[in-house]
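Peer 1: So that we are looking at the same thing, I have put the structure below in structure tokens.
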Amino acid sequence: MTTHSPAEVKALQESALEHLWVYLREPSDMAEKGDPAIFVSGEGVHVTDANGKTSIDGMSGLWLKNVGYGRKEIADAAYEQMLNLTYMPLGTTTEPTIRLAEKISQIAPGDMTRSFFTSGGSEAVETAIKLSRAYFKRVGEPHRTKFISRKGSYHGATMGALALGGSHLYPKLDYEPLMPGVFHVPQPLPYRCELGGQTPEECAELCVNAIEEMIKFQDPETVAAVFAEPVSSPLGCVVPGDNYWPRLREICDKYGVLLIADEVITGFGRTGKMFATEHWGVVPDMMTVAKGITSGYIPMGGCITRGEISDAFIGSPKASFKHVITFGGHPVAAAAALKNIEIMENEGMVENSAKQGVYLLDGLKEMKDKYKMIGDVRGLGLFCGIELVADRETKEYFPAEADLANRITQGFADNGLLLRGGDRMNVAPPLCITSSEVDELITIMDKVFGEVSQALGV
């Protein structure tokens with residue numbers, strides 16, 4: 001473990017404030033709070049900063065550290081590939097890239113047999129956008145160019161992916177105008193169902209019907225695809241009613257629209273299944289993945305397609321999918337991904353996600369019973385959400401002057417838990433977490449919610 005003297009940490013922080021864009025942070029705010037924090041090592045679910053303080057990572061980095069920190073096996077696999085070959089001549093490929101594509105075809109649902117690899121999730125979504133439009137041109141339906149996605153979703157930071165998203169956490173105003181031809185429908189969030197549904201199933205039915213109505217309103221012959229996260233993160237882990245995805249599959253089939261599941265967050269065991277759509281027995285036409293594919297050891301993503309989709313691009317050079325990502329399918333990333341998946345399978349991490357996810361959700365529900373400020377908890381596997389309210393009856397949020405997000409986030413950090421607080425929170429620790437570590441996480445959250453509840457008088 002590497003630690004630094006206080007002077008070294010301060011110098012690094014000053015350099016970061018001067019030269020680095022730190023994600024989702026503003027320099028003057030960081031300077032006032034003595035940030036940014038600088039982390040130097042990790043093991044399992046814990047990370048240690050440059051001052052030597054160790055904390056639980058309650059968000060798996062950014063929903064990605066599925067097998068945990070410090071897995072030397074993955075580093076060794078990447079190192080071995082680096083010694084052999086670090087890139088490939090144009091128009092060729094490598095053994096680990098082929099092996100990874102083959103492995104994904106074995107573990108992906110249904111007949112999802114072909115992978116286009118990228119550097120990350122946003123690129124995977126951009127690939128799915130381009131692939132959708134190109135597919136319909138190949139099959140003689142060139143007017144299918146529109147996309148439907150959901151409010152309060154997140155699909156990436158690039159321009160096409162940003163147009164699909166509808167999250168208040170990542171406002172689009174700075175970057176508009178965005179890609180045209182994207183239309184948004186309500187999110188199937190039972191706790192605050194926009195369409196008035198009183199149960200998860202009723203909310204799901206109303207929301208999926210809204211997708212059908214949007215398809216009909218836009219003219220089915222102009223709609224290319226519906227994009228949806230199986231469980232959506234920005235609104236605090238939206239788990240739809242069990243009828244939502246099967247009905248969505250039916251609607252897409254009815255109108256000849258592609259169903260694209262964004263599994264960038266939910267894929268590779270996060271929800272207690274290898275892929276989240278498996279919970280509902282649904283096979284999408286395309287699936288975007290990233291994050292957990294390497295557990296964040298090396299950047300990588302991909303767009304996985306059913307055979308029927310990829311077959312449209314076979315037959316002649318003119319028919320091929322003309323799309324290139326420079327670092328897509330990088331052999332070192334592929335080697336890391338293969339080892340990551342091997343660890344997940346050998347150590348039963350998908351099963352552990354399901355088991356510990358139930359345990360974590362039970363702990364969150366117990367806290368809900370204790371603190372009136374917790375309006376709702378929900379989750380699937382090790383992907384849980386918390387919604388905080390000033391009043392349970394009205395579901396009114398806390399006013400800005402309550403400084404809720406900062407109070408909670410700082411309280412967690414002070415007590416050794418890295419987790420972003422706010423009105424809507426995600427709790428998503430690494431899939432290797434043990435029951436005792438879940439207890440540790442819950443104990444810290446309980447303490448902080450107790451302190452904040454008392455301070456705010458709720």
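The values are calculated or read from the model by the stated rules, or taken from the named source; none is laboratory data. A quick note: this is a predicted structure, and the numbers were derived from the prediction, not measured. Positions of Cβ are backbone-derived with ideal geometry, glycine not excepted, and every protein chain shown enters the neighbour counts.
Peer 1: For residue 265, are the conditions met, namely being assigned to a loop (DSSP other than H, G, I, E, B) and among the aliphatic types (A, V, I, L, M)? Don't jump to the end; show me each part of the working.
Peer 2: On the way: assigned to a loop (DSSP other than H, G, I, E, B): yes; among the aliphatic types (A, V, I, L, M): yes.
Yes: the conditions hold for residue 265.
Peer 1: Note down all Cβ pairs under 7 Å where the first residue falls in the stretch 118-139 and is under 19 Å from residue 295 (Cα atoms) and assigned by TED's automatic domain parsing to the domain that holds residue 303, the second is of a type in the set (Val, Ile, Thr) and crowded, with 24+ Cβ neighbours inside 10 Å, and they're at least six residues apart or on different chains.
Peer 2: Listed pairs, sorted by first residue: 118/127; 121/264; 121/288; 124/118; 124/264; 124/288; 124/289; 125/288.
Peer 1: Please count how many residues of the stretch 185-220 are surrounded by 14 or more Cβ atoms within 10 Å (Cβ to Cβ), out of contact with any strand residue (DSSP E or B) (no Cβ under 6 Å at 6 or more places or on another chain) and either within 28 Å of residue 135 (Cα to Cα) or among the hydrophobic types (A, V, I, L, M, F, W, C) (or both). Reasoning before the result, please.
Peer 2: Let us first name the residues in the stretch 185-220 that are surrounded by 14 or more Cβ atoms within 10 Å (Cβ to Cβ), namely 185-195, 197, 200-212, 214-215, 218, 220.
With the extra rule that they be out of contact with any strand residue (DSSP E or B) (no Cβ under 6 Å at 6 or more places or on another chain), the set shrinks to 186, 188, 190, 192-195, 197, 200-209, 212, 220.
So of that shortlist, the ones also either within 28 Å of residue 135 (Cα to Cα) or among the hydrophobic types (A, V, I, L, M, F, W, C) (or both) come out as 186, 193, 195, 203-204, 206-209, 212, 220.
Count: 11.
Peer 1: Moving on to the next point. Please work out if residue 74 is modelled with pLDDT of 95 or more, among the aliphatic types (A, V, I, L, M) and assigned to a helix (DSSP H, G or I).
Peer 2: On the way: modelled with pLDDT of 95 or more: yes; among the aliphatic types (A, V, I, L, M): yes; assigned to a helix (DSSP H, G or I): yes.
Criteria met by residue 74.
Peer 1: Which condition number in (1) at pLDDT 95 or above; (2) out of contact with any Ser or Thr (no Cβ under 6 Å at 6 or more places or on another chain); (3) not charged (D, E, K, R) is the one that residue 233 fails?
Peer 2: Here residue 233 clears every test but (1).
Peer 1: Which residue out of 265, 260 is of a type in the set (Val, Ile, Thr), crowded, with 24+ Cβ neighbours inside 10 Å and under 19 Å from residue 429 (Cα atoms)?
Peer 2: On the way: 260 fails: under 19 Å from residue 429 (Cα atoms).
Answer to the check: 265.
Peer 1: Do we have any residue at all in the stretch 197-207 that's in a loop (DSSP other than H, G, I, E, B), over 22 Å from residue 279 (Cα atoms) and either assigned by TED's automatic domain parsing to the domain that holds residue 378 or at pLDDT below 95 (or both)?
Peer 2: yes
Peer 1: Follow-up question, since we're still on this one. Among (1) out of contact with any Ser or Thr (no Cβ under 9 Å at 6 or more places or on another chain); (2) under 24 Å from residue 352 (Cα atoms); (3) surrounded by 16 or more Cβ atoms within 10 Å (Cβ to Cβ), where does residue 30 come up short?
Peer 2: Among (1) out of contact with any Ser or Thr (no Cβ under 9 Å at 6 or more places or on another chain); (2) under 24 Å from residue 352 (Cα atoms); (3) surrounded by 16 or more Cβ atoms within 10 Å (Cβ to Cβ), residue 30 violates only (2).
Peer 1: Residue by residue through the stretch 160-183, note down the ones that are in a helix (DSSP H, G or I) and surrounded by 17 or more Cβ atoms within 10 Å (Cβ to Cβ). Steps first, please.
Peer 2: Quick first cut of the stretch 160-183, residues in a helix (DSSP H, G or I) only: 160-164, 173-175.
Answer for the stretch 160-183, where residues must be in a helix (DSSP H, G or I) and surrounded by 17 or more Cβ atoms within 10 Å (Cβ to Cβ): 160, 161, 162, 163, 164.
Peer 1: Also, I was wondering about something else. Looking only at residues that are among the polar types (S, T, N, Q) and surrounded by 24 or more Cβ atoms within 10 Å (Cβ to Cβ) in the stretch 268-311, which one is nearest to residue 337 (Cα to Cα)?
Peer 2: Of all residues in the stretch 268-311, those among the polar types (S, T, N, Q) come to 271, 277, 288, 294-295, 305, 310.
Cutting the leftovers down to surrounded by 24 or more Cβ atoms within 10 Å (Cβ to Cβ) gives us 271, 277, 288, 294-295, 305.
Numbers: 271: 19, 277: 21, 288: 15, 294: 4, 295: 8, 305: 18 Å.
Looking at residues that are among the polar types (S, T, N, Q) and surrounded by 24 or more Cβ atoms within 10 Å (Cβ to Cβ), I get 294.
Peer 1: Hey, another quick one. Take residue 236 and decide whether it is in a loop (DSSP other than H, G, I, E, B), under 21 Å from residue 258 (Cβ atoms) and out of contact with any Phe, Trp or Tyr (no Cβ under 7 Å at 6 or more places or on another chain).
Peer 2: Numbers: in a loop (DSSP other than H, G, I, E, B): yes; under 21 Å from residue 258 (Cβ atoms): no; out of contact with any Phe, Trp or Tyr (no Cβ under 7 Å at 6 or more places or on another chain): yes.
No, not satisfied.
Peer 1: If you go through the stretch 312-328 one residue at a time, do you hit one that is β-branched (Val, Ile, Thr), crowded, with 23+ Cβ neighbours inside 10 Å and closer than 18 Å to residue 125 by Cα?
Peer 2: Just the residues of the stretch 312-328 that are β-branched (Val, Ile, Thr), to begin with: 314, 324-326.
Filter again for crowded, with 23+ Cβ neighbours inside 10 Å, leaving none.
Within the stretch 312-328, not a single residue is β-branched (Val, Ile, Thr), crowded, with 23+ Cβ neighbours inside 10 Å and closer than 18 Å to residue 125 by Cα.
Peer 1: Within the stretch 388-402, which residues are without any contact (Cβ under 8 Å) to a residue 40 or more places away in the chain and not in a helix (DSSP H, G or I)? I'd like the intermediate steps shown before the answer.
Peer 2: First pass over the stretch 388-402, keeping only residues without any contact (Cβ under 8 Å) to a residue 40 or more places away in the chain: 388-389, 391-394, 396-397, 399-401.
Scanning the stretch 388-402 gives 388, 389, 391, 392, 393, 394, 396, 397, 399.
Peer 1: Report yes if residue 408 is in contact (Cβ under 8 Å) with a residue 60 or more places away in the chain and either within 26 Å of the chain's Cα centre (by Cα) or in a helix (DSSP H, G or I) (or both), otherwise no. Don't jump to the end; show me each part of the working.
Peer 2: On the way: in contact (Cβ under 8 Å) with a residue 60 or more places away in the chain: no; either within 26 Å of the chain's Cα centre (by Cα) or in a helix (DSSP H, G or I) (or both): yes.
Spelling it out, it is not the case that residue 408 is in contact (Cβ under 8 Å) with a residue 60 or more places away in the chain and either within 26 Å of the chain's Cα centre (by Cα) or in a helix (DSSP H, G or I) (or both).
Peer 1: Sticking with this one: Is it the case that the stretch 92-101 has a residue that's over 25 Å from residue 263 (Cβ atoms) and not assigned by TED's automatic domain parsing to the domain that holds residue 425?
Peer 2: Looking only at the stretch 92-101, we keep the residues that are over 25 Å from residue 263 (Cβ atoms), and these are 92, 95.
Cutting the leftovers down to not assigned by TED's automatic domain parsing to the domain that holds residue 425 gives us 92, 95.
Yes; the residues of the stretch 92-101 include at least one that is over 25 Å from residue 263 (Cβ atoms) and not assigned by TED's automatic domain parsing to the domain that holds residue 425.
Peer 1: I'd like to verify a number: residues in the stretch 135-149 that are touching a Phe, Trp or Tyr at 6+ places or on another chain (Cβ under 8 Å) and of a type in the set (D, E, K, R), how many?
Peer 2: Residues in the stretch 135-149 being touching a Phe, Trp or Tyr at 6+ places or on another chain (Cβ under 8 Å) and of a type in the set (D, E, K, R): 3 in total.
To keep it simple, each residue is scored yes or no on (1) buried (at least 19 other Cβ atoms within 10 Å of the Cβ); (2) at pLDDT 95 or above; (3) not in a loop (DSSP other than H, G, I, E, B).
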residue: 100; (1), (2), (3): yes, yes, yes
residue: 115; (1), (2), (3): yes, yes, yes
residue: 124; (1), (2), (3): yes, yes, yes
residue: 127; (1), (2), (3): yes, yes, yes
residue: 133; (1), (2), (3): no, yes, yes
residue: 136; (1), (2), (3): yes, yes, yes
residue: 144; (1), (2), (3): yes, yes, no
